[in-house]
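Structure first, then comments.
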Amino acid sequence: MQKVTLPERPGWRERATELGFTFADMGGEPYWDETSAYRFSLRQIEDDIEDPSTELHGMVREAVATALASDEWLERMQIPQQFWDFLADSWKDGEPELYGRMDLSYDGDGPAKLLEYNADTPTSLYESASFQWDWLEEQQRLGVLTADTDQFNALHEALVARWAEIAAPDTDIHFAADPDNPEDYATVEALAWAAREAGLGAHFTSLAAIGLTEEGQFADDQDRVIGTLFKLYPWEDVLRDDFAAHLAPSGVRFIEPPWKAVVSNKALLPLLWQMFPGHPNLLPAFFAADVAEALTGGAPAARVANAFAAAQDVLQQGHVSKPIFSREGAGVVIREQGRETDRAPDDSYDDHPRIIQALAPLPEFGGFHAVIGAWIVGESCVGMGIREDSSRITHNLSRFKPHYIED
């Protein structure tokens, strides 16, 4: 894994505009940045990222079954009790999942470490699946990269195949997001593009425009009843929405399915560590309520005493505290050797319970810290995107960097 300086493609900004990539710059700063790229060997991709991520996803599915069968875990995950059966039924019925993004700390050596799993509303999909592939092909055509280079990127093809697996031909799917958020809109458009290629109907609707018919069905702003809905709206918010009581009676098929509320929840990390302690791709993780006193000289909760004792030295060296619900690094606090060394400026999620996770520092390349986003479609890892930030905590204005494979 190396960061390599490369020339930018002539006219790439015009190409981005032509393709609808309107957020290549955000907040006056570059978001898409092709002044350099990350180079990987095929072994690093296959052995350190692809295969472990697929294995991790299988472990996550085992954790889902455990959580949904446990009142204690559902309470600790702050799933509203009136929806426990709604989630459990979606799992028992085998409602299929579509996609997710695992954020990994990886420096080219040693096992990648799972930081968290956004398996409900992950963005950066368009730039991962489409624009960085466009970058690779053009850089090859220009002679900047050789024809032998490749990219870990079967995202679009995998999404087309997955849509064909989970929806019958000609099924109409509504894709809902905030139309004023260009990154969210690009994400649902990338998914809708794949759905259309799979022979499905795809309709965009604003989240705010979805309403309820007199018969208790959800409908879009053109009064079309919604039968299947992909919503870029996290389950933890949906379950607390004014319309939440109508979720099950509406008869809508939701993608992602309701059981994904358990997966895109950082309380999953302590559960994974409890179920698979010492796994090379996991970091020791606990609920802060169980170990906060132990980290300052007190005793841990009895239920985690043995696990904490085994991980205590690692946690004392460095750990991260983060809310079970948050996005884009919000609420993250880094402590090393008992001292706070970094804190995210966004504290908007700080009213939620927190977890403690061992610190796996992101590798630094030229003053930027890189995080791997390993994309899961269905149950397999099929691609990768990289974001980097000058901060040790990856924020919403991090940069997206292309990558390529070359041995």
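The values are calculated or read from the model by the stated rules, or taken from the named source; none is laboratory data. Being a predicted model, the structure only gives us computed values, none of them experimental. When we count neighbours, we look across all protein chains shown, and the Cβ atoms used for this are built from the backbone with ideal geometry, even at glycine. We work out accessible area using only protein heavy atoms, side chains counted, and drop any ligands, DNA or RNA first. Shrake-Rupley method; radii C 1.70, N 1.55, O 1.52, S 1.80 Å.
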In order over segment 356-364: 3J(HN,Hα) from phi, Karplus 6.51/-1.76/1.60, θ = phi - 60°, whole Hz, x for each Gly or Pro, gives 10, 9, 4, 7, 10, x, 5, x, 9
Mean Kyte-Doolittle of at least -0.5 and a Cα length of 15 Å or more along the axis: which whole DSSP H helices of the chain meet both?
51-68, 155-166, 182-197, 305-317
Enumerate the amide H contacts of residue 342 below 5 Å, restricted to partners 5 or more residues apart or on another chain; note that Pro and chain-start residues carry no placed amide H.
334
Segment 265-370 - Debye-derived log10 I(q)/I(0), Cα point model, q = 0.10, 0.11, 0.13, 0.15 Å⁻¹
-0.27, -0.33, -0.46, -0.62
Subtracting the Cα-Cα distance of residue 348 and residue 181 from 0.36 nm times their residue separation yields 58.2 nm
At a probe radius of 1.4 Å, what is the per-residue accessible area of residue 213, in Å² to the nearest 10?
40
Have a look at the DSSP beta bridges in segment 153-264 and tell me what percent are antiparallel, nearest 5.
20
Overall dimensions of segment 206-341 as given by Cα atoms, namely Rg and Dmax in Å:
20.4, 61
Cα centroid separation, segment 46-60 to segment 254-294 (Å):
16
Would you mind checking which residues have amide H under 5 Å from residue 36's amide H? H placed 1.01 Å from N; only 5 or more apart, or other chain.
6
When ranked by the protection proxy of mean other Cβ atoms within 10 Å per residue, highest first, what sequence do the peptides 265-271, 281-287 form?
265-271, 281-287
Counting DSSP beta bridges with both partners in the chain, what percentage is antiparallel, nearest 5?
75
Only Cα pairs under 8 Å and at least 6 apart count here; give the relative contact order of segment 17-142 as a rounded whole percent.
16
How do the peptides 74-83, 104-113 rank, highest first, by the average count of neighbouring beta carbon atoms within 10 Å per residue?
104-113, 74-83
Using a 1.4 Å probe over the heavy atoms of the protein chains, calculate the carbon and sulfur portion of the accessible area of the chain as a whole percent.
47
Note the full-extension length gain between residue 395 and residue 165 as 0.36 nm times their separation in residues minus their Cα-Cα distance, in nm to one decimal.
79.4 nm
Please tell me the relative contact order of segment 278-407 in percent, rounded to the nearest whole number, where contacts are Cα pairs under 8 Å and at least six residues apart.
20
List the residues, sorted by chain then number, that are 5 or more residues from residue 365 or on another chain and whose placed amide H is less than 5 Å from its amide H.
370
The chain - accessible surface per residue (Å², probe 1.4 Å):
41
Mean Cα-pair separation over length for segment 144-276, i.e. relative contact order, pairs under 8 Å, 6 or more apart, %
21
Per DSSP H run of n ≥ 4, the term is -39500 (n - 2.57); total these for the chain, divide by its residue number, and report the mean residue ellipticity at 222 nm rounded to 500 deg cm²/dmol.
-8000 deg cm²/dmol
Grab the chain and count how many Lys pairs have their alpha-carbon atoms under 16 Å apart, sequence gap of 8 or more, or different chains.
5
Beyond 17 Å, what share of the Cα-Cα pairs of segment 85-174 remains, rounded to the nearest whole percent?
69
Let me make sure I get this right: for segment 1-73, a, b and c are the square roots of the gyration tensor eigenvalues over alpha carbons, sorted descending. Under 1.5 in a/c it's rounded, otherwise prolate if a/b > b/c, else oblate. Which is it?
oblate
Considering only 378, 318, 58, give the residue with the highest GNM mean-square fluctuation for the chain, with springs between Cα atoms whenever their separation is below 10 Å.
58
Taking the mean number of other Cβ atoms within 10 Å as a proxy for protection, how do you rank 96-102, 306-312, 12-18 from highest to lowest?
96-102, 306-312, 12-18
Need the C-alpha centroid separation for segment 298-333 versus segment 188-221, integer Å.
40
Lys and Arg at +1, Asp and Glu at -1: neighbours of residue 12 with Cβ under 15 Å from its Cβ sum to -4
With the Cα gyration tensor of segment 226-268 giving a ≥ b ≥ c as the square roots of its eigenvalues, does the rule (a/c under 1.5 for rounded; else a/b larger than b/c for prolate; else oblate) give rounded, prolate or oblate?
prolate
Taking 0.36 nm per residue of separation between residue 9 and residue 406 and subtracting their Cα-Cα distance, the length gained on full extension comes to 141.0 nm
Based on the Cβ-Cβ distance of residue 244 and residue 65, what FRET efficiency does E = 1/(1 + (r/R0)^6) give at R0 = 25 Å, to the nearest 0.05?
0.55
